[in-house]
Amino acid sequence: MTRVIFLGPPGAGKGTQAKTLADNLNIPHISTGDILRQGLKDQTPLGVKAQTYMDKGELVPDQLVEEMVQERLKQDDTKSGWILDGFPRTVNQAVFLGELLRKLNQNGEKVVNLNVPDDTVIARLLERGRKDDSEEVIRRRLEVYRSETAPLIDYYSSRQSLLSINGNQSLEEVTAELKKVIAS
Ligand code: B4P
């Protein structure tokens, strides 16, 4: 049973690697960013609320994202495992997730941190050019990452082993390193 949480700055390659790994293992890839963007496209109440935060590079409020993840993790297909990408992004979300996994009997998750320097992240995101990939918004996302999400590295390191991967390599090299640490 594989359950993996991806940590890392915006543009670290969480989405890219999570998708590859989930396809390989035939388990669901649960990306909070993708679910929020789909909500926006479908103009659901959640998507509409999330838009103002995402456009500015801010985090969507914890409660909204937590409810969304809770609903998703309760679905039947998660029984075979999952890859969680983009959640948790705050210590509050991590505490919430820990309690939720205990309740659902889905513990035993591996936590992987993708390390990538700022200049690489900025170059990758500018090249991708999504709506929230303008230079100003990317810089804000990095600030938010440092203040809200980076503390999760200590949070998880002090509770369980945190697997660290060099995300500043080619896609294939990152995938190979990931597969190795997840299998170990
Ligand atoms: P996300 O959708 O999670 O996006 P991300 O952090 O920008 O990207 P990721 O790290 O997945 O990078 P990717 O693989 O795509 O978040 C967007 C927004 O949603 C947040 O700012 C926030 O507002 C909101 N949100 C989401 N979750 C939330 C939560 N839990 N709480 C509150 N708010 C939340 O890679 C980026 C680019 O790099 C791609 O073009 C890719 O092709 C390229 N790339 C990847 N790996 C590469 C490599 N090794 N070499 C070269 N290029 C590479």
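Return the lysines within reach of Lys19: Cα separation strictly under 17 angstrom, same-chain partners fewer than 8 residues apart disregarded; answer none if there are no such residues. Those lysines meeting the cut-off are Lys110, Lys179, Lys180. Taking 19 Å as the cut-off, the amide N atoms of region 139-180 that come nearer than this to a point 7 Å along the Cα-to-beta-carbon line of Thr52 belong to 141. At what distance in angstrom do the alpha carbon centres of region 92-169 and region 2-55 lie from each other? Region 92-169 and region 2-55 have Cα centres separated by 12 Å.
With helices as the sole contributors, the chain gives -16500 deg cm²/dmol at 222 nm; each DSSP H run of n ≥ 4 counts as -39500 (n - 2.57), and the sum is divided by every residue.
Between Lys74 and Ser134, the modelled labels are 3.9 nm apart [label points 7 Å from Cα along Cα→Cβ]. For Ser184 and Leu100, FRET efficiency with R0 = 30 Å and r from the beta-carbon atoms, rounded to 0.05? Step by step, r from the Cβ atoms, then E = 0.70. For the chain, with the dipole built from +1 on Lys and Arg beta-carbon atoms and -1 on Asp and Glu ones, taken about the Cα centre, which of Leu40, Gly81, Leu125 lies farthest toward the positive end? The residue sitting most towards the positive pole is Gly81. Applying the Karplus relation 6.51 cos²θ - 1.76 cosθ + 1.60 with θ = phi - 60° to region 151-160 yields 3J(HN,Hα) values of x, 5, 5, 5, 4, 6, 4, 7, 10, 7 Hz, where x marks Gly and Pro.
Where a number appears in this text, it was derived from the coordinates with a stated rule and is not lab data. Just so we're clear, the structure is a prediction, and the values are computed from it rather than from any experiment. All Cβ positions, even for glycine, are placed from backbone atoms using ideal geometry, and neighbour counts span all protein chains on display.
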